[in-house]
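A short worksheet on the structure shown next.
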Amino acid sequence: MQKTFIDEDRFQSLLTNIPSPSPAVVADVLKKGRELKGLTPEEAAILIHVADQSFIQEIFDTAFHIKNTVYGGRLVFFAPLYISNFCVNNCRYCGFRAGNPAPRKKLTIDEIREQTDCLIRMGHKRILLETGEDAGNNPIDYVLDAIDAIYSIKNEKGEVRRVNVNIAATTVENYRRLKAKGIGTYQLFQESYHRQTYENVHYGLKGNYLRQLYALDNAFEGGIDDVGMGVLFGLYDWRFETLCLISHASYLMDKFGIGPHTISVPRLRPATAVNLAPPFPVSDSDFLKLIAILRIAVPYTGMIITTRERPEIREEAFRLGITQASAASSTAPGGFKKETAKESGQFELSDKRSLDEITASVMKQGFMPSFCTACYRRNRTGAVFMELAKPGDIHEFCAPNSVLTLMEYLEDNASAESRRLGMELINKSLEGIENPSVRNETEERLVRIRNGERDLYF
């Protein structure tokens with residue numbers, strides 16, 4: 001069996017026959033974390049073994065500190081746009097699997113434009129394009145045309161300013177073509193780093209463990225410098241998967257000088273015609289713990305939570321390290337139009353609130369809803385982003401840009417209650433911008449937005 005950067009024996013040994021760590025050892029690990037130095041898998045394993053509730057709270061407090069230091073209180077919102085559920089794979093957990101008898105749907109280019117228009121009218125500026133793997137029905141040219149269609153739509157509520165992409169592993173040449181279309185982040189999840197588990201639940205082209213494992217390498221070779229990773233928690237032991245995510249991030253940093261732009265933390269959810277119960281269910285308490293550990297271990301990365309999770313779990317996760325969240329989602333192609341909204345999707349959603357309800361909720365928590373895409377368009381990506389994010393300097397751009405995009409949302413999309421909450425939050429946030437010139441420029445741009453200008457950013 002080909003040797004990879006995932007050392008299963010090493011990680012399993014870190015998780016077995018290890019006594020509870022002493023307070024001094026835990027304190028040393030958390031001290032390193034607070035200094036934004038990240039953690040090795042060995043150090044993360046120490047936190048995984050913490051069982052005392054008071055120490056777990058210290059882990060949570062450290063994660064909260066790191067998130068605030070690097071990203072502040074912002075939460076970036078996006079929506080997934082599923083363009084086709086045709087798929088040649090028969091993955092046991094997925095509603096799009098080839099063996100599912102549910103009807104298949106592939107959006108036409110006009111339908112993609114219609115769906116984009118719906119999302120813009122909600123207030124979304126950032127879309128994650130998703131599709132099943134099927135070279136016949138969903139060739140790369142179809143994906144590229146879909147990206148063009150999304151970027152082509154502009155209405156009185158604005159436009160989509162960045163398309164991120166989550167499609168199956170592909171060739172270096174196809175990654176070059178995606179990059180040339182102006183995508184933001186390319187996402188691909190390993191689903192499970194445990195090879196036997198991976199091979200037990202994947203059938204079809206996706207059943208190739210090594211193809212999946214090295215796909216992000218190919219994306220980098222194709223010129224994409226912002227990549228997102230993740231696993232489907234519940235397929236295997238969350239502790240093992242967490243160590244592997246940390247190891248994968250370290251591998252990319254060592255090889256390319258760029259770590260993951262995002263890490264996603266989806267948990268296995270039911271889906272139409274899927275009867276796979278989580279082989280390794282992840283409790284809510286363990287889920288929150290793994291989010292906190294990942295935030296400490298990879299402090300520079302954005303962390304994504306989706307509408308798979310209940311609102312109350314999302315709200316707790318926002319405090320522990322999450323910086324991006326899907327909102328008002330649909331996982332069915334065409335799902336943003338009323339006549340197709342009830343069609344079966346890739347998985348069941350738990351948070352079905354509107355975008356306005358979600359933004360109001362997070363503002364009540366004190367978080368800043370953000371629709372910013374400035375880094376992509378200012379070329380603050382890849383190595384440049386890492387240089388800013390690692391020491392926590394990216395916050396200097398995030399804070400004013402979040403304020404500006406929230407003002408756009410308040411002017412164009414918000415309810416009266418959200419507008420009231422948003423204006424209070426903007427005024428408070430302006431006080432927190434330490435650089436006087438940046439604060440003054442932000443205030444001037446807010447006036448320009450209220451007078452009708454849009455898309456102002458640092």
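The values are calculated or read from the model by the stated rules, or taken from the named source; none is laboratory data. Just so it is clear, the model here is predicted, and its values are computed rather than measured. Quick reminder, even Gly has a Cβ in these numbers, built from the backbone with ideal geometry, and neighbours come from all protein chains shown.
At a glance:
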quantity	calculated
Test: residue in the stretch 344-358 that is within 30 Å of ALA219 (Cα to Cα), part of a helix (DSSP H, G or I) and either in contact with a Gly (Cβ under 6 Å, 6 or more places away or on another chain) or in the same structural domain as GLY182 (by TED's automatic domain parsing) (or both)	no
Boolean, ASP412 is touching a strand residue (DSSP E or B) at 6+ places or on another chain (Cβ under 9 Å), surrounded by fewer than 16 Cβ atoms within 10 Å (Cβ to Cβ), farther than 30 Å from SER250 by Cα and not aromatic (Phe, Trp, Tyr)	yes
Pick from the stretch 2-25, criterion assigned to a helix (DSSP H, G or I) and touching a Leu at 6+ places or on another chain (Cβ under 7 Å), ranking: surrounded by the most Cβ atoms within 10 Å (Cβ to Cβ)	PHE11
Residue list for the stretch 417-453, filter: surrounded by fewer than 16 Cβ atoms within 10 Å (Cβ to Cβ), among the basic types (Lys, Arg) and over 21 Å from ALA360 (Cβ atoms)	ARG448
Cβ-Cβ under 6 Å pairs, at least 6 apart or on other chains, the stretch 224-236 side in the same structural domain as GLY182 (by TED's automatic domain parsing) and small (Gly, Ala, Ser), far side at pLDDT below 95 and outside any loop (DSSP other than H, G, I, E, B)	none
Residue check, VAL201 surrounded by fewer than 17 Cβ atoms within 10 Å (Cβ to Cβ), β-branched (Val, Ile, Thr), at negative phi and touching a residue at least 24 places away in the same chain (Cβ under 8 Å)	no
Candidates TYR82, TYR93, filtered to the one that is out of contact with any helix residue (DSSP H, G or I) (no Cβ under 7 Å at 6 or more places or on another chain), closer than 30 Å to LYS337 by Cβ, at pLDDT 95 or above and not polar (S, T, N, Q)	TYR82
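Residue-wise test of (1) surrounded by fewer than 21 Cβ atoms within 10 Å (Cβ to Cβ); (2) part of a loop (DSSP other than H, G, I, E, B); (3) not charged (D, E, K, R).
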position	(1), (2), (3)
LYS255	yes, no, no
ILE263	no, no, yes
PRO281	yes, yes, yes
ASP286	yes, no, no
ALA292	no, no, yes
ARG295	no, no, no
MET303	no, no, yes
